[in-house]
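Data first, discussion second: the structure below is written as structure tokens.
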Amino acid sequence: MENDVVLKMQGICMTFPGVKALDHAGLTLKKGEIRALMGENGAGKSTIIKCLTGVNKFEAGEIYLDGFEGPITNRDTMDAQSKGISTVYQEVNLCPNLSVAENIYIGRAPLTKFRTVDRKQMNARAKKLMEELDLNIDVTANLENYSLALQQMIAIARAIDMDCKVLILDEPTSSLDDREVEKLFQVMLNLKKKGVGIIFVTHFLEQVYAVCDGITVLRNGQLVGEYTVEELPRVQLVAAMMGKDFDDLASIKPEGGEIGKDAPLVIDAKGLSHAGTIKPFDLEIREGEVVGLTGLLGSGRSELARAIYGADRSQTGTLKVKGKEAHIKEPIDAMNLGMGLLPDDRKAEGIIGDLSVRENIILAMQAKLGALHKIPMAKQIELADQFIEMLQIKTASRETMIRQLSGGNQQKVILARWLATNPDFLILDEPTRGIDIGTKTEIQKLVVKLAGEGKSVIFISSEIEEMLRTCNRMAVLRDGAKVGEISGDEMTQEGVMHAIAGGDSNE
Amino acid sequence: MKKAKLNNNNVLLLITIVLFAAMYLAGCIVYAGKGFTRLQTFLNILIGNAGLISVTCGMTCVMLTGGIDISVGSLVALDCMMMAVGVEKMGMGSPVLMVFILIVGVVFGAVQGFCIAYLEIQPFIVTMAGMFFARGMTAVLSTQQISITSDALFTKLAGTKIEFPFGGYVNTKGILQVPYIRVTVVVALLVVLATFFLLNYTRFGRSIYAVGGNQQSAALMGLDVKKTQLKTYILCSFLTSIGGICFCLNTMNGTVGQATGLEMSAISSAVIGGTLLTGGVGNVFGSLFGVLINGTISSLVQTNGKLISSWANIVTAILLCFFILLQAVFAKVKERNK
Ligand SMILES: Nc1ncnc2c1ncn2[C@@H]1O[C@H](COP(=O)(O)OP(=O)(O)O)[C@@H](O)[C@H]1O
Ligand SMILES: [Mg+2]
């Protein structure tokens with residue numbers, strides 16, 4: 001191993017039941033280096049970290065650590081800690097029922113000469129440590145009394161207090177405010193000076209360029225590449241994360257074009273937000289308009305849609321639907337206002353596997369009418385047949401259990417469910433994910449056709465080409481906030497990428 | 001800094017203590033004529049439940065990790081039977097038997113703990129198997145009731161009164177009755193203190209709380225969750241064996257049907273004492289008061305004389321519901337405050 005390399009992982013493969021989470025992923029970390037580990041949600045960042053610390057068992061690949069001959073494997077976090085790898089996991093991993101001080105020192109608490117836990121010393125040390133982070137809190141109080149941000153700082157304090165040569169921070173800044181982030185950066189730079197190698201996972205691009213020396217990019221569990229910060233400006237980074245080769249992007253012209261300003265407003269959201277998922281945003285959608293939501297996975301696309309629909313109740317702002325102020329408390333209110341939501345996680349939120357295709361189709365309509373007004377069977381059959389025909393759902397019969405259908409056809413059934421309620425406004429969250437290319441095109445056509453009939457649509461997709469083809473206008477999201485809109489001439493792949501990357505794109 | 005923080009968990013303990021005090025006071029007022037106010041009545045509750053106190057300490061530790069051990073009642077029966085058979089049929093000395101009983105407890109707990117921690121089988125299932133096994137072994141040793149009479153030391157231990165220099169009263173025959181406790185009470189209270197110390201001032205004890213608070217977090221913080229679980233089940237069976245010896249000193253016999261349902265008394269005492277069924281919250285002083293509340297209920301029913309003893313069970317059941325409901329409410333409130 002080269003002299004200044006402290007950690008090298010290569011060819012790491014790891015499979016969860018049904019998901020290949022890592023496929024020959026790797027990472028190289030030098031002494032005194034801060035390396036950003038980047039990738040969209042689900043790229044495998046947390047998984048590769050957990051492979052390193054022994055939480056996940058990997059099937060292939062090697063890990064080399066400075067000071068150890070040959071490849072190492074860690075049995076568990078404790079083992080990793082003893083080898084000098086200290087980790088703050090993405091989920092705050094502390095015990096709510098223990099005091100702050102104990103959370104920092106548990107497992108390695110200072111002992112008195114009788115080998116009992118020296119609480120006094122432990123509390124004093126914890127207090128000092130927290131003060132170094134500018135946090136003046138009661139360290140004897142239980143952790144559950146403190147906010148998520150503070151808990152995150154406590155987890156960080158725990159990690160940096162251990163003597164380590166590799167420090168791993170998996171999205172430590174997600175709930176910190178600017179001041180706290182600044183403090184964290186100072187601490188990181190101090191450790192860097194001492195020669196600690198730091199792996200830093202974040203979804204805030206500007207943070208990468210503020211403190212990091214190198215960038216490792218993962219996509220779909222694979223290593224895309226390892227770069228220095230200078231080599232990889234923002235836009236290139238986004239392109240690498242999304243898997244687009246930025247230099248030869250073909251410009252795809254949108255078909256739709258803009259909708260005139262005279263078309264009536266269907267949705268007029270002002271300052272809606274949901275704590276922890278989406279910051280306040282404004283959004284207008286006109287009749288017959290398809291608005292795309294774009295941004296990296298996890299940037300708040302689904303969350304924005306869910307806030308409008310009331311699936312996550314908005315705490316601020318106002319929402320006007322067709323000019324009238326709407327108070328949406330739960331999804332049924334949204335349905336009664338003529339909205340429909342096709343969720344992105346159709347397994348968890350959408351389909352009910354043990355019901356038939358027919359039952360799944362009439363589900364939303366029945367919910368809207370209320371349980372007392374049962375839709376007559378003849379009507380149900382008629383509706384089901386109509387949509388099976390219209391969307392070309394491939395099913396043995398209308399009474400087939402939906403779980404026996406392929407993913408694409410399940411998707412169509414859920415789409416049919418919402419179309420059956422005859423909504424004026426539809427939210428389609430990744431309607432084409434995981435379905436074959438032919439069906440994809442059909443769904444895209446259907447969206448355009450619905451818009452032509454005067455319906456309004458929010459269309460969310462990770463595929464920019466698809467969005468460009470179907471949308472009239474796009475809203476851009478970054479880090480849980482709506483940061484802008486693009487329309488007209490900017491509606492090209494390149495334009496979208498620049499908008500997603502944000503900042504000075506030539507940085 | 002030393003200011004006691006009145007959080008939900010302390011509130012649960014406080015409610016338990018207040019409830020105990022209120023119940024006892026009510027007994028004193030209603031049954032003053034029947035001698036409920038005498039110090040000895042209270043001490044009798046301690047004497048009668050000495051074994052249970054020790055067992056409940058073990059149960060509390062297991063419940064703190066988020067587990068359960070329903071084998072304790074049967075293990076107590078097995079302990080008594082081993083003592084009885086050893087002394088009466090095999091002519092062994094009681095000190096040797098006591099050590100043997102404690103070793104059996106450790107081994108029994110180790111096997112259960114291993115299955116739970118390392119083979120990841122449900123605690124309920126494992127300890128249910130343990131329950132049947134221990135009860136079965138008791139019957140294998142003997143199906144008869146065997147009284148322990150021939151071991152001088154054991155008889156002396158059981159008969160020893162530790163008298164109090166105050167609080168006596170003169171009975172109807174004009175003889176001064178001095179309040180006393182038995183050796184078992186001293187043992188039980190020492191167990192409470194030792195367990196309290198272990199839970200609060202050792203790394204192992206704190207790990208128990210961490211595992212119960214959030215098992216996944218504990219593992220990610222580098223604690224050995226499995227080892228902690230294993231050790232906790234060993235501890236539980238060990239304390240149960242101490243309780244078993246105390247129990248035997250009280251009953252002075254071994255029979256198959258002994259201590260049936262003791263596990264349920266231990267669990268309900270721990271819950272009434274503020275131990276969360278989900279783990280992570282509770283302490284042994286709460287559990288001690290839990291036992292005392294259960295004991296007071298029985299004592300009240302007995303003192304009344306007209307009620308059948310099942311009334312004690314009914315009241316315990318109501319209390320249990322009340323406390324579990326309270327736990328649920330607190331959990332909800334906590335979530336709301338998030
Ligand atoms: N415990 C788990 N069980 C099954 N699949 C998982 C589990 N954890 C992660 N995955 C899957 O592994 C992939 C990588 O996830 P993760 O490493 O958490 O991504 P990232 O941290 O980059 O957002 C995703 O497809 C995710 O769904
Ligand atoms: Mg992650």
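Worth a mention:
- Scanning region B:238-284 for residues that are of a type in the set (Val, Ile, Thr) and assigned to a loop (DSSP other than H, G, I, E, B) yields B:255, B:256, B:260, B:275, B:278, B:281.
- Among the candidates A:139, A:217, A:187, A:208, residue that is more than 25 Å from the chain's Cα centre (by Cα) and outside any loop (DSSP other than H, G, I, E, B): A:187
- Considered as a group, the residues in region A:83-115 that are of a type in the set (Gly, Ala, Ser) and at pLDDT 90 or above include one that is nearest to the chain's Cα centre (by Cα), and that residue is A:86.
- Beta carbons closer than 6 Å, at least 6 apart along the sequence or on distinct chains, pair a first residue in region A:81-94 that is facing another protein chain (nearest Cβ under 7 Å) with a second that is away from ligand 2 (no atom under 13 Å from the Cβ) and of a type in the set (Ser, Thr, Tyr) for A:93/B:217; A:94/B:217.
- Within the option set A:165, A:193, being surrounded by 19 or more Cβ atoms within 10 Å (Cβ to Cβ), over 27 Å from residue A:98 (Cβ atoms) and either more than 24 Å from the chain's Cα centre (by Cα) or at pLDDT 90 or above (or both) holds for one residue only, A:165.
- Residues considered: B:154, B:133. Of these, the only one that is in a helix (DSSP H, G or I) and either within 14 Å of another protein chain (Cβ to nearest Cβ) or closer than 30 Å to residue B:231 by Cβ (or both) is B:133.
- Residue in region B:182-203 that is assigned to a strand (DSSP E or B), more than 14 Å from chain A (Cβ to nearest Cβ) and over 21 Å from residue B:279 (Cβ atoms) present: yes
- A residue that is away from ligand 2 (no atom under 16 Å from the Cβ) and basic (Lys, Arg) cannot be found anywhere in region A:40-48.
- Candidates B:57, B:80, filtered to the one that is closer than 30 Å to residue B:227 by Cα and touching a strand residue (DSSP E or B) at 6+ places or on another chain (Cβ under 7 Å): B:80
- Annotation: of all residues in region A:24-74 being within 18 Å of residue A:224 (Cβ to Cβ) and away from ligand 1 (no atom under 16 Å from the Cβ), the one that is nearest to the other protein chains (Cβ to nearest Cβ) is A:29.
- Spans of strands (runs of 3 or more DSSP E) in region A:22-116 with at least 1 residues within 19 Å of residue A:171 (Cα to Cα): A:34-38, A:85-88
- Qualifying residue in region A:166-181 (condition: away from ligand 2 (no atom under 16 Å from the Cβ), away from chain B (no Cβ under 14 Å) and under 18 Å from residue A:214 (Cα atoms)): yes
- Of all residue pairs spaced 6 or more apart or on separate chains, none has beta-carbon atoms under 6 Å together with a first member in region B:43-66 that is without any contact (Cβ under 8 Å) to a residue 40 or more places away in the chain and a second member that is surrounded by fewer than 24 Cβ atoms within 10 Å (Cβ to Cβ).
The values are calculated or read from the model by the stated rules, or taken from the named source; none is laboratory data. Computed from a predicted model, the values in this text were never measured in an experiment. Note: ideal-geometry Cβ built from the backbone for every residue, glycine included; neighbour counts use all protein chains shown.
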